[in-house]
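For reference, the structure is listed below as structure tokens.
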Amino acid sequence: MEISKEDIENVESALKVNSDYKPKNDNFNVKSFKKGKEIVLIQYVANVENELVFQTKEENGKYYISDTFALFQDNIINGNVSRDVFQSVNKYFHDVISDESNDFSEEKEELINFLMLTEEYDENQLQTDLDPSKIREDYKKDYDRIYSDDSMNRVEKSLALKELLHMSICQVVNDIELFFTRPVDLTPEEIAEKDKQETKALENEMQLS
């Protein structure tokens, strides 16, 4: 995607004060674009660090960056990350799955009330999405499907299950940038596997471009 010099400078300024995003390697500035640097930003969500990798270039006086940057630009400038919302929904999902003896009716209503205060949500949809029986049933279906797949090894299976649960949580939170983050409870083995998958995906993206 094309990005204006003014927007580059706005993001550069925002990164100096935004505690949710920090540059990892090269600075986010016009000079980096002119050199075609790969810019890596560290995003902090729910006490977890996520690496966001963007390709940049300058061509005929115009500046370009990976299309996915459009999903993060406003949040970087405005400092808007749904931390409290994500943490609350994430904890609720994991509690519901780990304790099947609890009906979580009280916790469910408290969470719905909190979400209705903090963001624009549909209460009826939340009643459905946060239903403990639905959460457990969806999780069991994903578990059975993944663990019956003989093409994946043990680490790939556990990673895939955690990622599907993470996606379910992100759907409830309804913040598109969270879909690009990792589950918060990955083991070192799963992190290594995820790194490998992302490196391969990035190589394929570079080949296509």
Quiz item: Quick one: is TYR139 of a type in the set (Phe, Trp, Tyr) and in a loop (DSSP other than H, G, I, E, B)?
Solution: no
Quiz item: Restricting attention to segment 142-156, which residues are of a type outside the set (Lys, Arg) and part of a helix (DSSP H, G or I)?
Solution: ASP142, TYR143, ASP144, ILE146, TYR147, VAL155, GLU156
Quiz item: If a residue has to be modelled with pLDDT under 90 and either of a type in the set (Gly, Ala, Ser) or touching a Pro at 6+ places or on another chain (Cβ under 6 Å) (or both) to count, how many in segment 16-40 make the cut?
Solution: 1
Quiz item: So is PRO188 under 20 Å from the mean Cα position of the chain (by Cα) and open to solvent by 60 Å² or more (accessible area, probe 1.4 Å) or not?
Solution: yes
Self-check item: Residues that are among the charged types (D, E, K, R), more than 16 Å from the chain's Cα centre (by Cα) and surrounded by fewer than 16 Cβ atoms within 10 Å (Cβ to Cβ), drawn from segment 23-55
Solution: LYS24, ASP26, LYS31, LYS34, LYS35, GLU38
Quiz item: Is at least one residue of segment 104-120 at pLDDT 90 or above, closer than 16 Å to PHE93 by Cα, part of a loop (DSSP other than H, G, I, E, B) and aromatic (Phe, Trp, Tyr)?
Solution: yes
Self-check item: Failed item in (1) in contact (Cβ under 8 Å) with a residue 40 or more places away in the chain; (2) in a helix (DSSP H, G or I); (3) open to solvent by less than 80 Å² (accessible area, probe 1.4 Å), with GLN171 passing the rest
Solution: (3)
Quiz item: From the list LEU159, LEU165, LEU178, which one is of a type in the set (A, V, I, L, M), in a helix (DSSP H, G or I), in contact with a strand residue (DSSP E or B) (Cβ under 8 Å, 6 or more places away or on another chain) and surrounded by 11 or more Cβ atoms within 10 Å (Cβ to Cβ)?
Solution: LEU178
Exercise. Tell me which of these LEU208 doesn't satisfy, since it passes every other one: (1) in contact with a Leu (Cβ under 9 Å, 6 or more places away or on another chain); (2) under 30 Å from GLY36 (Cβ atoms).
Key: (1)
Exercise. Go through segment 1-22 and give me each residue that's in a helix (DSSP H, G or I), open to solvent by 50 Å² or more (accessible area, probe 1.4 Å) and touching a Phe, Trp or Tyr at 6+ places or on another chain (Cβ under 6 Å).
Key: GLU12
Quiz item: Which members of segment 115-146 meet the condition of being closer than 18 Å to SER98 by Cβ and open to solvent by 80 Å² or more (accessible area, probe 1.4 Å)?
Solution: GLU137, LYS140, LYS141, TYR143
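The values are calculated or read from the model by the stated rules, or taken from the named source; none is laboratory data. Everything quoted here is computed from the prediction, not taken from an experiment. A quick note on method: Cβ atoms are made from the backbone with ideal geometry, for glycine too, and the neighbour counts reach across all protein chains shown. Side chains are part of the model used for accessible areas, which takes the heavy atoms of the whole protein and leaves out ligands, DNA and RNA. Shrake-Rupley method; radii C 1.70, N 1.55, O 1.52, S 1.80 Å.
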